[in-house]
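Notes to accompany the following structure.
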Amino acid sequence: MTSCAVLAASTPVAGEAQQEVVIPSIAPWMSPASPLSLVSARKADRVAFMVYDRGLRNVYSAAAPDFRPRRLTNFTRDDGIDLTDVEISDDGRMVVFVRGSAPNRWGWVANPNHDPRGAERAIWAVRTAGGPAWRVAEGASPELSPDGQWVLFTRDGQIYRARVSRTGPVTAMDTGGVPLIRLWGRNGSPRWSPDGKRIAFVSDREHHAFVAVYDVASRTVQYVAPGVDCDGTPAWSPDGRSLAFSRRPGTPFGMQQRTPAGVANPAGGCGGNSGAPTSTPITAGQNNLVRSPGFFTSALPGGYRLALMIADIGGARDITSPMVAAQIPAREVWHNAVGDSVFTTLANMTWAGDHIAFPVNVPGDEFERWYAVRAAGDTTPVRLTTTNGLIEDATSVAWSRDGGSTMFYTTNAGDIERRHIWSVPSTGGPPVQLTSGDGVETHPQPLASGKHVAVLAFGARTPASVALVPASGGSPRIIYPTLGADFPTTSHVVPHIVKTKAEDGLEISNQLFLPRNLKPGEKRPAIVFVHGGPRRQMLPAYHYMQFYHWSYAANQWLADQGYIVLSVNYRRGVGYGKSFRDAPNARDKGNSEYLDVVAGAKYLQQRPDVDPSRVGIWGLSYGGLLASQALARNSDIFVAGVDMAGVHHYDYMLDSTSSAFKSAAIGAIEGWKSPVFLVHGDDDRNVDFAQTVGLVQLLRARKIYHELMVVPDDLHESMLHANWIDTFDRMGVFLKRFVWNRETVPAGR
């Protein structure tokens, strides 16, 4: 293992001898190539995945029969340019992806390597058969055509198309230079039909929204059962003959905005593509408001507020009136009940076999659910996920390539500290657990043959890997990566799950990392780690999110140096049910989650193998918030801390009597005595850099020792691998000085 010598202080004080502190570098722990996303082709047993390899972001692919991974792109610099939105064509021959970060609120694409030419966000493509990658067009969120020849994307409320293939004539419309579909409204959510001959999309028209279908060959648009309501979430049937969409009522007078709308950019309206009205009332402050039905409330015929509609695309009829374009009729196949509080949205719905499936947030239910209704109608929704566990986001669910007869999903059902893969028929029935054990499996991607499901797999000693699992269940077989000799596999420890109780009685789950060389009777320094989010859950294995993958590695690295490390899954995190996630009196309403951090620290102090006078803390984002809370409220417990991109002031109000002020770190600033290492990128799009600017003024005014690492042009989580190595190594030196060695804090700093 290599070592990194770092000076004890970033700025020497006149007359002070500056000692050199040497610690093992974190670099070997962050050396493995890490797959971060995974997709599979619909008609070929092939997967594609994005890999982060010491700052180099590239696309890889693997295919049957041997699934030997192959790097497709050749980006060879740690330049901080993100690579996301990987998509693969149905036949597996073409892959598209996006290079560049999303713009900040001023429209700037991230430029962490300080390129004087600036940065762009663009769609790229590469063939899985080999050859160099090429830039397709400026844009993001590509919708790849089934044949891999075209991508769709949106810009300024219009839909653009760019040719992926570099053959044939090229016009401005083929390069994303001019819109493919230019209509009044905010147009988005383009969806190719399975045969690539049509494009369904949503046109948001301020207080109503249409679903429309564009015919590629004739270059004509047909609206689907247009009316006065909010239509959205279009989903094609597997055979492309039908289109499902949601319908919600339009905006009533009392909720309509009077602000004039631009031709291409109507204001307010149905919430973009969700079909959910989002306008705010224009009647605030008015007296004698009309309260009779329909002025402030809206409903569909029958009094309900949500309907599932299906259009037979072959059933279009021409309207003879020159004022109305051709229309496609649709029929209602299901609607919710009047006053229904369970089925309130069809967001993220998908066609699954002969059913329409969609996630539901059931009031009073501790976990997320998926339901399905028959496309033929005359049915009540069937619950698919009867398992009790977290289903976190879109990457947690995928459908079999036979048209969606089987749902594959990631959950912690039956193993609340981990994630495993399950399956269930789209018609309902008992779910089947496909993976189990001490590992973690996420991002299920079923293969076209139906024989395997590709997953991302993780273990206590095994970082992110691409693996194959039999569709009927079994152990994951890793196909990528092969770990290098410099990766310290044998230096890892298996974390223990320990429970603590907060002052108010809430039980908290934690991972405890004990050093391998801990001897009976020894008292070691300890470190508390607090994740960000706060809607996160740390696991007793490498994590499926990039920063938390590194956080786990950092905790292992600290344990290998001899620290006892406790990773706290405090309230407001996910994985333990909605009551835990939505715990009261948290954040700016009392910061009750800090009770869990204190409980973790006191647990460590009471352990016979911990020196209670040597406890530190570190975290990023919400973890940085809690680290600063710890130093401000309990410098008597936490002798030093590392605050990366933390929040220190909730609402920018300085009313010392407000709950927000009292709940923030600044509300306890007078108790802050311990040294802190602050890290922040000034192009942070999650936490305003001003949070660190303001905190430093408070620390300077009170002569509280702090070290500061500001990274110009970098984001909430650094985009440069070299920065991460430097950050963690400097953190290691800081903790060595002020936690391990209990070095005297320099005066007047």
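The values are calculated or read from the model by the stated rules, or taken from the named source; none is laboratory data. Just so you know, these numbers come straight off a predicted model, no measurement behind them. Every residue, glycine among them, receives a Cβ derived from its backbone with ideal geometry; neighbour counts consider all protein chains shown.
Looking only at residues in the range 57-68 that are of a type outside the set (Gly, Ala, Ser) and surrounded by fewer than 19 Cβ atoms within 10 Å (Cβ to Cβ), which one is nearest to Trp124 (Cα to Cα)?
The initial filter retains those residues of the range 57-68 that are of a type outside the set (Gly, Ala, Ser), namely 57-60, 65-68.
Next cut, surrounded by fewer than 19 Cβ atoms within 10 Å (Cβ to Cβ) only: 65-66, 68.
Working: Pro65: 27, Asp66: 27, Arg68: 23 Å.
It comes out as Arg68.
Does any residue in the range 354-365 that is within 17 Å of Gly429 (Cβ to Cβ) come within less than 7 Å, Cβ to Cβ, of a residue that is of a type in the set (S, T, N, Q) six or more places away or on a different chain, and which pairs are these?
Qualifying pairs under 7 Å: His355/Ser426; His355/Thr427; Ala357/Thr350; Ala357/Ser426.
Val263 versus (1) modelled with pLDDT of 95 or more; (2) over 13 Å from Arg198 (Cα atoms): which is the lone unmet condition?
Only one criterion in (1) modelled with pLDDT of 95 or more; (2) over 13 Å from Arg198 (Cα atoms) is unmet by Val263, namely (1).
Can you find a residue that is assigned to a loop (DSSP other than H, G, I, E, B) and on the phi > 0 side of the Ramachandran plot anywhere in the range 592-614?
no
Pick from Thr427, Thr410: which is under 22 Å from the mean Cα position of the chain (by Cα), over 20 Å from Asp90 (Cβ atoms) and of a type in the set (S, T, N, Q)?
Only one candidate qualifies: Thr410.
Please list, ordered by residue number, the strands (runs of 3 or more DSSP E) wholly in the range 311-426 having 2 or more residues that are basic (Lys, Arg). Lay out the reasoning, then the answer.
Numbers: elements: 331-335, 350-352, 355-360, 369-374, 397-399, 406-411, 420-425.
By residue number, 369-374.
Does any residue of the range 67-75 turn out to be under 30 Å from Asn111 (Cβ atoms), modelled with pLDDT of 95 or more, part of a strand (DSSP E or B) and among the hydrophobic types (A, V, I, L, M, F, W, C)?
no
Answer with yes or no whether Asp215 is farther than 28 Å from Arg46 by Cα, touching a strand residue (DSSP E or B) at 6+ places or on another chain (Cβ under 8 Å) and crowded, with 23+ Cβ neighbours inside 10 Å.
no
Looking at the range 718-742, which of the residues that are out of contact with any strand residue (DSSP E or B) (no Cβ under 7 Å at 6 or more places or on another chain) and of a type outside the set (A, V, I, L, M) is farthest from Glu20 (Cα to Cα)?
Residues of the range 718-742 out of contact with any strand residue (DSSP E or B) (no Cβ under 7 Å at 6 or more places or on another chain): 719-722, 724-726, 728, 741.
Next, only the ones that are of a type outside the set (A, V, I, L, M) stay: 721, 724, 726, 728, 741.
Details: His721: 24, Trp724: 21, Asp726: 16, Phe728: 17, Asn741: 13 Å.
Top of the filtered list is His721.
Enumerate the pairs (first residue in the range 117-131 and assigned by TED's automatic domain parsing to the domain that holds Val98 and buried (at least 22 other Cβ atoms within 10 Å of the Cβ); second residue anywhere and among the hydroxyl-bearing types (Ser, Thr, Tyr) and assigned to a strand (DSSP E or B)) with beta-carbon separation below 8 Å, excluding pairs fewer than 6 apart on the same chain, so at least 6 apart or on different chains.
Thr128/Ser61
Based on what the data block shows, is Ala448 at pLDDT below 95 and more than 24 Å from the chain's Cα centre (by Cα)?
no
Quick one: would you say Leu512 is farther than 24 Å from Lys602 by Cβ, in contact (Cβ under 8 Å) with a residue 40 or more places away in the chain, out of contact with any Asp or Glu (no Cβ under 7 Å at 6 or more places or on another chain) and of a type in the set (A, V, I, L, M)? Full working, then the answer.
Values: farther than 24 Å from Lys602 by Cβ: no; in contact (Cβ under 8 Å) with a residue 40 or more places away in the chain: yes; out of contact with any Asp or Glu (no Cβ under 7 Å at 6 or more places or on another chain): yes; of a type in the set (A, V, I, L, M): yes.
Here the answer is no, as Leu512 does not meet what is asked.
Kindly check whether there is at least one residue in the range 455-462 that is modelled with pLDDT of 95 or more, more than 24 Å from Ala553 (Cα to Cα) and not basic (Lys, Arg).
no
Any idea which of Leu390, Leu384 is modelled with pLDDT of 95 or more and within 27 Å of Lys499 (Cα to Cα)?
Leu390
This table checks each residue for (1) modelled with pLDDT under 95; (2) surrounded by 17 or more Cβ atoms within 10 Å (Cβ to Cβ); (3) touching an Asp or Glu at 6+ places or on another chain (Cβ under 6 Å).
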| position | (1), (2), (3) |
| --- | --- |
| Val151 | no, yes, no |
| Asp195 | no, no, no |
| Phe201 | no, yes, no |
| Val221 | no, yes, no |
| Pro226 | no, yes, no |
| Pro234 | no, yes, no |
| Phe245 | no, yes, yes |
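Would you mind telling me which numbered condition in (1) touching a residue at least 12 places away in the same chain (Cβ under 8 Å); (2) closer than 19 Å to Phe75 by Cβ Arg93 fails?
Every condition holds for Arg93 apart from (2).
Within the range 431-456, count every residue that is at positive phi and touching a residue at least 40 places away in the same chain (Cβ under 8 Å).
Total meeting the criteria: 2.
Which condition breaks for Val739 when tested against (1) buried (at least 24 other Cβ atoms within 10 Å of the Cβ); (2) within 32 Å of the chain's Cα centre (by Cα); (3) not in a loop (DSSP other than H, G, I, E, B)?
Every condition holds for Val739 apart from (2).
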